[in-house]
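What follows is a single structure, and I will ask about it in a moment.
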Amino acid sequence: MTVLPSGEQWTIRAEGYEATVVSVGGGLRGLSYEGRPVLLAYGEDESAHAGIGQHLFPWPNRITDGEYTYDGVDQQLYLTEPARRNAIHGLTRWANWERADDGSDESTLTATHRLHGQPGYPHQLDLNLTYHLTATQLTVTATATNIGKSSAPYGYGAHPYLSVGRPIDECVLEFTADHRLEVSPDRLTPTGLTPVAGSQYDFSTARAIGDTTIDNAFTGLNGEWSVSLTDPDSGARSTLTSNTPWMQLFTGEAVGRTALAVEPMTCPPDAFRTGQDLIVLKPGESHTTTFHVSV
């Protein structure tokens, strides 16, 4: 039996939308609407690269040196970004997920994974991802439940790339945020917040991305927020909406600036170290995060 790099392939459809979910990481391999890309896809014979469509449990972004202290105990995570000496994007991106629904509804899919304790994260979580397509959007719901005996630090993020089928330099970007998290140039670790208004990162009035480079977290999103990418010629638009307190934008240099990563995050980088917006799951408690993608 031949196994594809991204594992099993599960397709859901509704009213012109088509999404492919894979068992490796429970990730979203692609989303299209009437044949045009809405989210950047990768091939069936490829593994996910540059984070395309991946889910980031139980923390998003980076933990500097992979070190943190929780409940009085020092922890050391594996350095999964060795060049920068960071632990990056959680523990489940390459794990095998199981499909939990019976497949009778062709517009909905649920995948699950049990995260067992391991070096640096001695906690047990049951994880659930539900994808649901309607005539207007894709809704992704991510839930974590602490099934262990002790409280667990937790954060969630996702790594979809908005696409309208052309290089993003030629596209129009629109979003609103109060602050941008600056990072060090070498290790991309947080150095402090700075206002967005009036800076080169101010896209509160829609304008072309041009050669602007972004790889930063943003906050001050003021409840439900949206990021839209628009083709100025055709008017085709892809939008991601969520209500997380943070998001990361990345102009996709790792994918040739063909798409814009828009990453909803429940907490900023280094939250395990700083405690900022860190979720603490007590035994038996759950946390749910939702985001939507539409044209």
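Taking Cα extents along the principal axes in Å as the quantity of interest, determine which of [x] 55, 39, 37; [y] 56, 50, 34; [z] 81, 38, 33 was computed from the displayed structure.
[y]
A further question on this structure: Under 5 Å between amide H atoms, partner at least 5 residues away or on a different chain: which partners does Glu285 have, H built in plane at 1.01 Å?
Asn146
Something else: If r is the Cβ-Cβ distance from Arg13 to Ser184 and R0 is 41 Å, what FRET efficiency results, to the nearest 0.05?
Approximately 0.40, to the nearest 0.05.
Scan the chain and report its longest stretch carrying no chymotrypsin sites (Phe, Trp or Tyr not before Pro) that are both in a DSSP loop and have at most 14 other Cβ atoms within 10 Å.
By the stated rule (loop sites, at most 14 other Cβ atoms within 10 Å), 95-295.
Any idea how far apart Asp71 and Ser204 come out in nm if each label point goes 7 Å out from Cα toward Cβ?
4.2 nm
OK, next. Out of the GluC sites (Glu not before Pro) in the stretch 55-124, which ones are loop residues according to DSSP with at most 16 other C-beta atoms within 10 Å?
Glu106
Taken together, the values in this text are just the output of simple stated rules run on the coordinates, not laboratory data. The shown structure was predicted, so the numbers you read here are calculated from the model rather than taken from an experiment. Here the Cβ is made from the backbone with ideal geometry for all residues, glycine too, and neighbour counts use every protein chain on show.
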